[in-house]
There are 2 protein chains.
Amino acid sequence: MRHQILLLSFIFSSAFCFSQTGEEKVVEDFEPSVVNQPGKEFPKVNSEGRVRVQIEAPEANTVQLDIGGVKYDLQKDDKGVWIGESAPQDEGFHYYQLNIDGASIPDPGSKYYYGAGRWGSGIEIPANDKEIYALNNVPHGTVSENLYFSEITQQWRRNFVYTPPGYFENLDKEYPVLYLQHGSYEDETGWSSQGHANLILDNLIASGDAVPMIIVMDNGYAYRPEDLENTSENRPRSSFENVLIEEVIPQIDHKFRTIADREHRAIAGLSMGASQTMSIIMNNLDHFSYYGGFSGTANFPGDKELDAGTFLNGAFSNAEDVEEKLNVIFLSLGTKEAEVFFKTVNAFRDMLEKQDIEYVLYSSPETGHEWLTWRRSLYQYAQLLFNE
Amino acid sequence: MRHQILLLSFIFSSAFCFSQTGEEKVVEDFEPSVVNQPGKEFPKVNSEGRVRVQIEAPEANTVQLDIGGVKYDLQKDDKGVWIGESAPQDEGFHYYQLNIDGASIPDPGSKYYYGAGRWGSGIEIPANDKEIYALNNVPHGTVSENLYFSEITQQWRRNFVYTPPGYFENLDKEYPVLYLQHGSYEDETGWSSQGHANLILDNLIASGDAVPMIIVMDNGYAYRPEDLENTSENRPRSSFENVLIEEVIPQIDHKFRTIADREHRAIAGLSMGASQTMSIIMNNLDHFSYYGGFSGTANFPGDKELDAGTFLNGAFSNAEDVEEKLNVIFLSLGTKEAEVFFKTVNAFRDMLEKQDIEYVLYSSPETGHEWLTWRRSLYQYAQLLFNE
């Protein structure tokens, strides 16, 4: 039902924008972005989803706002302050930057997030369903930072662990665990920062729509030193699966009060993380029983028909076995994602359907390959976990 | 002994710099800063403590590095890349920024920290004693983020809580608690980010030089809505003491396995936090028994003689009572701090000495009003806590 409402509101707002295209009229109801630095007035967002930025740069020649793959020229006033706004942006969270005389830099007004391979600016266009990840007056879980030395990568690594409300007080309760991975050029901070995984679960647990669970968010980039030195490969071979199975899971089961069996372990990831975690679960069905692939599958990038006999070494060839081992296969896409993601996921779905393997598909209305798609995907997926 | 070694090495490096002053010769042994963003080559630091930055800004007129209160002009090469370096900086952590054609902006190469009232660039000049806050191969504690709604401020607030190694596994052990506050224009992230409070304690606990303890790091800015609305005051009245005593401590004692009595509670703060926490402890001697004031005291700013009978409502007037209630009064200063800090702390020390009240004074060699002073202060102070 919510999706129908969202869809209607999109049609209405599209028509509204269209009628203004000629004169580019901007609705003057800008408010400071909800992810601004304390006390900062800019950047601002209006009801159309436009982003307005402002920066003092009296001697600059050109200042631009760079968002959604488009650069918008700002105008300088007589005090040397540059100001300007973007076209309407999709609902949700976007990375962006400023450009001053050819230098790409973070906006000094925004908070900073790791994504697109750098710590940089982010902005939030309030979404119709923002309540699902809002900081509400409900009991809150706790996000903890865990440092560990990885023998496999010979480096210090860290993960963030969400423990549900009550974890610190109810010392005899044990919990199931979701291992939740970020996408490419992102890191272990993404899901608990711009992803709001903690708030999404707090809300779902408060309403009784998800069972209390632990969420572990690690870094999907992991390489053995010898693989990093092997320059004959374009990309070094990833050892993330080894780190997760041999190092992270045993540590988590030792440190936290987990229910340490496959029926109480789920895994999911977004984009690159969806691809990684699909390989990991199919190689380790003794460890996990729930899979979530948000905006991706392990056949990325490609629209080639998948042969169940050979894809992932035939992991999906025995449908009965897959259905017995996997309680949920959850796939999702934003309706505005690039074609390659649809082609990839559809090729995987075709294979599942040929094999007569059940799965759940969630479509995030009017979002692209961005965090609102993934917040919504987690919101849907978490409700399916550990209910048996 | 360590201090003597530090002092000698400073004399040597000062002499070395001095001999080069005429020609401004720069030692070409720059290495990427240890707090750079992943994969970023710049900013770099050399053995003299100079900071070299680089940024592509082909159309810019002027680009400067702004660090330590001085702006250094960069030079542009024929590809539009600007490069240049500062004079030698003190050991330790410094906030800095770039300036492009009059715009003050974060360096896209560095990680970002909250300080000086903004999220911005930080850099680390490796210190002689950097081992005290290094990420070593010892058992590590955990830093947790706790969200809470404050009825006093009518806002969501958060604190970070360090729990020592073993906290999550040894479920019948209870711990003493240190409440540790940041300085002005900083926030609750400072001590566990640029302050490395967690690593300092991990190292001290591993070597047996500090007892395992919990550390709570909250935000020292807290105002009732009605006080924020009262525009007749220059600064709104702070309600941090109420938030800490009435809200934070009860929550911490409920959520964490604390030893909830005054003998097992310490408080400390840096700069503004030193001033705040001195008032708080003297108003609440039923709650705390250890005080640490790093680079500040409650009489800041001032060199006026303190009257024990009136200062903080006569809290220090009965020496016997103070000595009975306070196990430790710890004060610290960096030897390069501005005069106002020396005058302030010395006026307070004079009062203590007149009253014949014992205290510990720590001097951080060759550091200013910056984080290396405070890391070292915590390192010293934590060793004095909860030993009785």
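Here are some notes:
- Restricting attention to the stretch A:71-92, the residues being in contact (Cβ under 8 Å) with a residue 60 or more places away in the chain and in a strand (DSSP E or B) number 1.
- For B:Leu147: the one exception among (1) of a type outside the set (D, E, K, R); (2) within 13 Å of chain A (Cβ to nearest Cβ); (3) in contact (Cβ under 8 Å) with a residue 12 or more places away in the chain; (4) in a strand (DSSP E or B): (3)
- Test result for B:Glu41, over 17 Å from B:Lys130 (Cβ atoms), open to solvent by 90 Å² or more (accessible area, probe 1.4 Å) and modelled with pLDDT of 50 or more: yes
- Scanning the stretch A:122-142 for residues that are open to solvent by less than 10 Å² (accessible area, probe 1.4 Å) and facing chain B (nearest Cβ under 10 Å), we see that the one that is nearest to B:Ala134 (Cα to Cα) is A:Thr142.
Conditions (1) free of Cβ contacts under 8 Å to residues at least 60 places away in the same chain; (2) open to solvent by 40 Å² or more (accessible area, probe 1.4 Å); (3) over 30 Å from A:Glu131 (Cβ atoms), marked per residue:
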residue	(1), (2), (3)
A:Gln194	no, no, no
A:Leu204	no, no, no
A:Ile215	yes, no, no
A:Pro225	no, yes, yes
A:Ser232	yes, yes, yes
A:Pro236	yes, yes, yes
A:His254	yes, yes, yes
A:Glu263	no, yes, yes
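- Residues of the stretch A:150-164 classified as more than 10 Å from every other protein chain (Cβ to nearest Cβ) and either open to solvent by 10 Å² or more (accessible area, probe 1.4 Å) or over 22 Å from the mean Cα position of the chain (by Cα) (or both), total: 7
- Scanning the stretch B:61-73 for residues that are under 15 Å from B:Gly109 (Cβ atoms) and within 11 Å of another protein chain (Cβ to nearest Cβ) yields a single hit, B:Val63.
- A residue that is acidic (Asp, Glu) and farther than 17 Å from A:Phe386 by Cβ occurs nowhere in the stretch A:258-266.
- Among the residues of the stretch A:44-60, just one is within 14 Å of chain B (Cβ to nearest Cβ), under 17 Å from A:Ser86 (Cα atoms) and of a type outside the set (A, V, I, L, M), namely A:Gln54.
- Hits in the stretch B:24-38 (condition: open to solvent by less than 30 Å² (accessible area, probe 1.4 Å), touching an Asp or Glu at 6+ places or on another chain (Cβ under 7 Å) and not small (Gly, Ala, Ser)): B:Val35
- Among (1) surrounded by fewer than 18 Cβ atoms within 10 Å (Cβ to Cβ); (2) of a type outside the set (Asp, Glu); (3) within 20 Å of A:Tyr185 (Cα to Cα); (4) touching a residue at least 12 places away in the same chain (Cβ under 8 Å), the one test that A:Leu270 misses: (1)
- Count of the stretch A:51-73 residues, restricted to those that are open to solvent by 20 Å² or more (accessible area, probe 1.4 Å), of a type outside the set (Ser, Thr, Tyr) and on the phi < 0 side of the Ramachandran plot, is 11.
- The stretch A:75-98, subset within 12 Å of chain B (Cβ to nearest Cβ) and open to solvent by 10 Å² or more (accessible area, probe 1.4 Å), residue farthest from A:Pro126 (Cα to Cα): A:Lys79
- For the stretch A:34-70, a residue qualifies if it is part of a strand (DSSP E or B), closer than 24 Å to B:Gly120 by Cβ and under 26 Å from the mean Cα position of the chain (by Cα), and the qualifying residues are A:Asn36, A:Lys44, A:Val45, A:Val51, A:Arg52, A:Val53, A:Leu65, A:Asp66, A:Ile67.
- A:Val243 meets the conditions (1) out of contact with any helix residue (DSSP H, G or I) (no Cβ under 9 Å at 6 or more places or on another chain); (2) touching a residue at least 12 places away in the same chain (Cβ under 8 Å); (3) surrounded by fewer than 23 Cβ atoms within 10 Å (Cβ to Cβ) in every case but one. The failed one is (3).
- Within the stretch A:100-121, the only residue that satisfies the criterion of being surrounded by fewer than 22 Cβ atoms within 10 Å (Cβ to Cβ), of a type in the set (Gly, Ala, Ser) and in a strand (DSSP E or B) is A:Ser104.
- Figure legend. Inter-residue proximity from the stretch A:150-166: first residues free of Cβ contacts under 8 Å to residues at least 24 places away in the same chain, second residues of a type outside the set (D, E, K, R) and open to solvent by 20 Å² or more (accessible area, probe 1.4 Å), beta-carbon distance below 7 Å, spacing 6+ or different chains. Indicated pairs: A:Trp156/A:Leu147; A:Trp156/A:Phe149; A:Trp156/B:Leu135.
- Condition check for A:Glu358: assigned by TED's automatic domain parsing to the domain that holds A:Asp307, under 23 Å from A:His94 (Cβ atoms) and among the charged types (D, E, K, R): no
The values are calculated or read from the model by the stated rules, or taken from the named source; none is laboratory data. Everything numeric here is computed off the predicted structure, so don't read it as measured data. FYI the Cβ positions are ideal-geometry reconstructions off the backbone, even for glycines, and counts take in every protein chain you see. When the accessible area is computed, the model is the full protein with side chains, heavy atoms only, and any ligands, DNA or RNA have been set aside. Shrake-Rupley method; radii C 1.70, N 1.55, O 1.52, S 1.80 Å.
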